Amino acid sequence: MWLFFVHYPQKTNPKIGFALLGIVCTFAARQTGVNSVCRKRAKTYPVDSLSYKTVSINKQNADKQWVVVDAADQILGRFSSKVAKLLRGKYKPSFTPHVDCGDNVIVINAEKIKLTGNKWTEKSYIRHTGYPGGQRSLTATELFEKDPTRVVEKAIKGMLPKNKLGAELFRNLYVIAGDAHNHGGQQPTVLNINELS
């Protein structure tokens, strides 16, 4: 093994010194046939790869539950974002983004939802009939008077993915005016929405 010393004045730019050192290392490697003259060997540690496997959920092993949430005296936007997370399954450690791994959610007391500020009169829902000049709009109050469940449904649907998965997740939502639902056979568990973040 050859030993090389690189000497350059102190006032010289350090980059020049590193360049000279690199040239010397390359020369030494060529002369000795050793590639790691100027490189430190990285330490390697054995890893049990079986303990680090990520479980990807599919339809067969998805743990889907039925839950009931109460919309009484809840703010529409904050309430809808939590329900959308339940539908997607984001509260589960096994959450898989491209799979329907969320729960079936039953929303009761949809007619008791709250909107803050002037949203009852200023918030508008716009649609189009498909004909020229066919744009129609309804305020939140007008839509609520027609069907209070549609206000909650539209808010939650807008927070789901805009693709086939989002349409599939939306079919797991059941919004009901009042506290009586016909899904008792599924034995849903009552969930306090205020405990979720």
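The values are calculated or read from the model by the stated rules, or taken from the named source; none is laboratory data. It should be emphasised that the depicted structure is a prediction, and the values quoted were computed from it without experimental measurement. We place every Cβ from the backbone using ideal geometry, glycine too, and count neighbours over all the protein chains shown.
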Anything in region 91-106 that is closer than 23 Å to N182 by Cβ and in contact with an Asp or Glu (Cβ under 8 Å, 6 or more places away or on another chain)? List them, or say none.
D100
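Condition first: over 16 Å from E168 (Cβ atoms), over 19 Å from the mean Cα position of the chain (by Cα), assigned by TED's automatic domain parsing to the domain that holds N163 and surrounded by fewer than 18 Cβ atoms within 10 Å (Cβ to Cβ). Can you find one or more residues in region 77-84 that meet it? Quick ask: steps written out before the conclusion?
Let us first name the residues in region 77-84 that are over 16 Å from E168 (Cβ atoms), namely 77-82.
Filter once more, keeping what is over 19 Å from the mean Cα position of the chain (by Cα): none.
No, that holds for no residue.
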Give all pairs with beta carbons closer than 7 Å in which a residue from region 152-176 that is within 16 Å of T96 (Cα to Cα) meets a residue that is assigned to a helix (DSSP H, G or I) and modelled with pLDDT of 95 or more; count only pairs at least 6 apart in sequence or on separate chains.
L160/A84; L160/L87; L160/G166; L160/L169; L160/F170; L169/L87; L169/R88
Looking at region 166-194 only, could you name the residues that are of a type in the set (D, E, K, R) and under 14 Å from V68 (Cβ atoms)?
D179
Of (1) among the aliphatic types (A, V, I, L, M); (2) under 17 Å from N192 (Cβ atoms); (3) out of contact with any Asp or Glu (no Cβ under 9 Å at 6 or more places or on another chain); (4) assigned to a loop (DSSP other than H, G, I, E, B), A72 fails just (3)
List pairs: first residue in region 123-151 and farther than 21 Å from V175 by Cβ, second residue in a strand (DSSP E or B) and aliphatic (A, V, I, L, M) anywhere in the structure, Cβ distance under 7 angstrom, at least six positions apart or on different chains.
Q135/I126; S137/I126
Considering (1) farther than 17 Å from A62 by Cα; (2) surrounded by fewer than 18 Cβ atoms within 10 Å (Cβ to Cβ); (3) of a type in the set (F, W, Y), say which one F95 fails and leave the rest.
(1)
